[in-house]
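The values are calculated or read from the model by the stated rules, or taken from the named source; none is laboratory data. Not measured: the values here are computed from a predicted model. Ideal geometry is used to build each Cβ from the backbone, glycine not excepted, and the neighbour counts take in all protein chains shown. When the accessible area is computed, the model is the full protein with side chains, heavy atoms only, and any ligands, DNA or RNA have been set aside. Shrake-Rupley method; radii C 1.70, N 1.55, O 1.52, S 1.80 Å.
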Amino acid sequence: MAENVVKGPASYFPSIEKKYGRPIGEWLEIVRSSPLVKHMELVSWLKAEHGLGHGHANALVAHVRAEQARV
């Protein structure tokens with residue numbers, strides 16, 4: 001039986017929750033509610049304002065942008 005392996009940006013979610021102490025839903029809402037639009041602006045903002053590492057910030061932004069593209 002094949003295991004459900006999470007791929008892409010969501011694969012970072014467990015470590016983001018563990019390292020920064022907030023649920024992923026909260027982080028995703030922070031990204032969604034930001035007035036910033038450009039990917040790297042959002043990544044830089046998460047790093048500067050919330051202390052996230054580059055990979056974690058990038059994963060959150062990539063996930064939100066992908067869900068927005070599906071709408």
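What the table shows:
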quantity	calculated
Alpha-carbon centroids, the range 40-66 and the range 8-39: separation in whole Å	7
Check: the range 13-71 dipole with +1 on Lys, Arg Cβ and -1 on Asp, Glu Cβ, in debye	120
Estimated 222 nm signal from helices in the chain, with DSSP H stretches of n ≥ 4 weighted -39500 (n - 2.57), rounded to 500	-20500 deg cm²/dmol
21 Å Cα-Cα reach of LYS19 towards lysines, excluding residues that sit fewer than 8 places from it in its own chain	LYS7, LYS47
The chain, accessible area per residue, ligands and nucleic acids excluded (1.4 Å, Å²)	68
